[in-house]
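Peer 1: The structure follows.
The values are calculated or read from the model by the stated rules, or taken from the named source; none is laboratory data. Because the structure is predicted, anything quoted here is derived from the model rather than measured. Don't worry about glycine lacking a Cβ; one is built from the backbone with ideal geometry, like all the others, and counts go over all protein chains shown.
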Amino acid sequence: MVSTQDREDQLIDPISANPDFNRAESKIAVAGHPIHAMLVSFPIGLAACALGADLFYWWTGDSFWARAALWSTGMAFLMGLLAGLSGTVELLSVPGIRARAASWTHFIIAIMLLSILGANWGHRLTGYEAAVLPYGLLLSILSAIFVGFTGWHGGKLVFDYQIGTSSTGS
Ligand code: HEM
């Protein structure tokens with residue numbers, strides 16, 4: 001008679017049974033260093049700068065900070081698009097990355113982040129000083145929250161699932 005334990009041992013996860021499941025090494029890389037990991041620092045840092053500039057504008061009323069926020073939000077969005085492009089090519093071209101649900105979760109959160117970064121910049125293009133309070137500041141707070149989610153989840157892909165890492169260790 002087959003026990004429940006034996007039956008559980010025979011269950012196969014069709015995703016991890018995929019022969020390509022462990023082929024998750026980065027392809028979009030320079031000498032094995034993933035380009036996506038290098039580019040993500042820009043939207044992360046620039047979104048933080050935008051929030052800081054908005055807060056300083058609120059505090060001082062100096063238009064310099066509103067202009068700094070315009071540039072930070074614009075560059076955060078454009079560099080975010082570049083980071084997203086490198087990540088998307090990686091996602092679509094590496095079988096082991098494509099097979100994991102977590103990669104697609106990261107993609108969805110990242111697209112939400114890019115939409116918020118774009119809205120934050122677009123909102124300022126018709127008048128960067130009037131745009132800061134309240135909606136510019138609120139969009140910068142939302143961007144910072146989503147940068148946190150996306151960055152944390154990206155780290156999870158690398159550290160928990162070993163996505164984009166080198167299997168040779170060299
Ligand atoms: C839009 C589509 C995106 C896709 C498809 C994507 C995909 C990926 C993939 C496959 C990885 C694993 C490492 C690698 O293979 O390079 C990763 C890591 C990561 N992603 Fe994204 N990503 C996207 C956008 C973003 C954005 C906009 C951010 C900015 C916050 C971000 C932040 C991260 C971080 C922080 C890591 C960990 C990097 C490391 O520690 O090495 N991703 N992403």
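Peer 1: Is it the case, given these coordinates, that Leu91 is without any contact (Cβ under 8 Å) to a residue 40 or more places away in the chain, within 13 Å of the ligand (Cβ to nearest atom) and of a type outside the set (D, E, K, R)?
Peer 2: Taking the combined requirement at face value, the residue satisfies it.
Peer 1: For segment 44-153, give me every one of the helices (runs of 4 or more DSSP H) that falls completely inside it and has 1 or more residues that are more than 16 Å from the chain's Cα centre (by Cα) and under 23 Å from Gly164 (Cβ atoms).
Peer 2: In segment 44-153, 63-93, 95-99 are the helices (runs of 4 or more DSSP H) which contain 1 or more residues that are more than 16 Å from the chain's Cα centre (by Cα) and under 23 Å from Gly164 (Cβ atoms).
Peer 1: State yes or no: is Gly164 closer than 20 Å to Met38 by Cβ, of a type in the set (Gly, Ala, Ser) and in contact with a Leu (Cβ under 9 Å, 6 or more places away or on another chain)?
Peer 2: yes
Peer 1: A further question follows. Give the number of residues within segment 136-158 that are near the ligand (Cβ under 7 Å from one of its atoms) and out of contact with any Ser or Thr (no Cβ under 8 Å at 6 or more places or on another chain).
Peer 2: Number of matching residues: 5.
Peer 1: Continuing with the same structure: Can you pull out every residue in segment 27-37 that is surrounded by fewer than 11 Cβ atoms within 10 Å (Cβ to Cβ) and within 8 Å of the ligand (Cβ to nearest atom)?
Peer 2: Within segment 27-37, no residue meets the criteria.
Peer 1: Another one. Being more than 9 Å from the ligand (Cβ to nearest atom), modelled with pLDDT under 95, of a type in the set (A, V, I, L, M) and not in a helix (DSSP H, G or I) narrows it down to one residue among Ala17, Ala24; which is it?
Peer 2: Of Ala17, Ala24, the one residue that is more than 9 Å from the ligand (Cβ to nearest atom), modelled with pLDDT under 95, of a type in the set (A, V, I, L, M) and not in a helix (DSSP H, G or I) is Ala17.
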